[in-house]
Amino acid sequence: MTGPPPARPGTERDDAVVITQSLDEPELFAGLYDRHAPDIHRYAARRLGEGAADDITAETFLIAFRTRDRYDTSHRLARPWLYGIAANLIGKHRRSEVRALKALARTGHDPVAASWSDRSDDRIAVQAPLAGALATLSPGDRHVLLLVAWADLGYQEVADALRIPLGTVRSRLNRARRKVREALSTDPTFVSAEQELTPSWTK
């Protein structure tokens with residue numbers, strides 16, 4: 001399987017239509033925000049914590065609004081475009097992300113990383129070894145893995161979001177999964193932690 005099931009009829013068409021119509025009626029762009037902002041915020045929060053997620057989400061849609069005249073309307077679903085913008089912004093915080101991942105792996109708690117969990121002990125127990133494994137990945141590999149696992153993007157959608165070839169997505173994903181699996185293989189929470197990186201469309 002290379003991605004999630006196709007969107008329901010009309011869902012994909014709406015994004016491109018909204019963007020096109022918003023060129024003449026800017027207030028219509030709010031519909032795109034209402035539809036996708038919760039998912040973008042949730043993804044950014046898992047990557048950087050709740051505080052940074054507010055800024056990432058706001059800036060993602062500000063950039064999207066300012067550059068909407070360059071949007072390729074042959075892509076009727078805007079999710080990859082929006083996640084690509086968010087990924088670029090998250091990439092500027094990669095040092096903070098890695099620092100938080102390492103802190104969570106080392107102590108099981110971090111003021112930033114704590115917002116990724118529901119604060120239950122078993123959840124944190126899973127996230128600590130996973131955080132350590134994610135910290136070892138290159139920024140490019142981490143982007144691909146987490147866009148698939150946490151944003152539920154298909155492989156082609158990740159390629160569109162990051163503007164890289166589909167083959168590069170596959171190679172980065174395979175490399176990232178191998179490294180994470182190797183890092184987690186000696187941990188008793190391996191199975192639960194690996195499930196954290198399984199996109200919903202494969203379950």
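Numbers at a glance
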item	result
Spin-label proximity, residue 99 to the range 45-69 - amide N less than 17 Å from point 7 Å beyond Cα toward beta carbon	47-53
Per-pair calculated FRET efficiency, R0 = 45 Å: residue 182 and residue 72 via Cβ, rounded to 0.05	0.75
Solvent-accessible area of residue 152 with every protein chain in place, 1.4 Å probe, in Å² to the nearest 10	40
Backbone N within the range 82-97 under 19 Å of label point (7 Å from residue 37 Cα along the Cβ vector)	82-87, 89-90
With DNA, RNA and ligands ignored, accessible area of residue 96 (1.4 Å probe; Å², nearest 10)	60
Sequence of 59, 27 when ordered by accessible area, the most exposed leading, probe 1.4 angstrom	27, 59
Gain upon complete extension [residue 92, residue 163; 0.36 nm per residue less C-alpha separation]	23.9 nm
With DNA, RNA and ligands ignored, accessible area of residue 179 (1.4 Å probe; Å², nearest 10)	70
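The values are calculated or read from the model by the stated rules, or taken from the named source; none is laboratory data. Keep in mind that what you see is a predicted model, and the values were worked out from it rather than measured. Positions of Cβ are backbone-derived with ideal geometry, glycine not excepted, and every protein chain shown enters the neighbour counts. Please note that ligands, DNA and RNA were not included when accessible areas were found on the heavy atoms of the full protein model with its side chains. Shrake-Rupley method; radii C 1.70, N 1.55, O 1.52, S 1.80 Å.
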